[in-house]
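Participant: My structure is below; once you've seen it, I'll send some questions.
The values are calculated or read from the model by the stated rules, or taken from the named source; none is laboratory data. Small disclaimer: the values here were computed from a predicted structure and weren't measured. Every residue, glycine as well, gets a Cβ built from its backbone with ideal geometry; the counts of neighbours run over all protein chains shown. Areas reflect the complete protein model, heavy atoms only, side chains present, ligands, DNA and RNA absent. Shrake-Rupley method; radii C 1.70, N 1.55, O 1.52, S 1.80 Å.
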Amino acid sequence: MNLRSVAASVSIGAALSCGAGCAQQREPDYIYTTTVTIADGKTVECAVNEPLAGPAASDAPLSTAEKRQAEVLAMHRLFLETGPWSDYPTPYTAPDIKCRAIRQ
């Protein structure tokens, strides 16, 4: 068996084994859920550009200041993706962020 036939066999095998898995598209990198810890020690779950999933784990609502802290921390990943210069508005530069406390 020569090198070309080995390469062809590998290519065909990879194409056949890919099947439906390759057809699935992954979520865009601007859609994610993250957990952050704000200055007062509360653990907060934030959904960026998607709805918060599941019931609230804590009954204590966040204050406006706590929400803002959590939103800024949750956006850090977007800043790393876009760098200092980006178009506005986009899901990267004007994200929809929803946060809730999950532990006091």
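Participant: Considering only residues that are under 16 Å from the mean Cα position of the chain (by Cα), at pLDDT 90 or above and within 21 Å of Ala65 (Cα to Cα), which ones fall in the range 79-100?
Facilitator: Correct list: Ala94, Pro95, Asp96, Ile97, Lys98, Cys99.
Yes/no matrix, rows are residues, columns are (1) open to solvent by 50 Å² or more (accessible area, probe 1.4 Å); (2) modelled with pLDDT under 80; (3) assigned to a strand (DSSP E or B):
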{"position": "Ile12", "(1), (2), (3)": "yes, yes, no"}
{"position": "Thr34", "(1), (2), (3)": "no, no, yes"}
{"position": "Asp40", "(1), (2), (3)": "yes, no, no"}
{"position": "Val44", "(1), (2), (3)": "no, no, yes"}
{"position": "Pro51", "(1), (2), (3)": "yes, no, no"}
{"position": "Ala57", "(1), (2), (3)": "yes, yes, no"}
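Participant: Taking the range 61-90 only, how many residues are open to solvent by 50 Å² or more (accessible area, probe 1.4 Å), assigned to a loop (DSSP other than H, G, I, E, B) and in contact (Cβ under 8 Å) with a residue 12 or more places away in the chain?
Facilitator: 1
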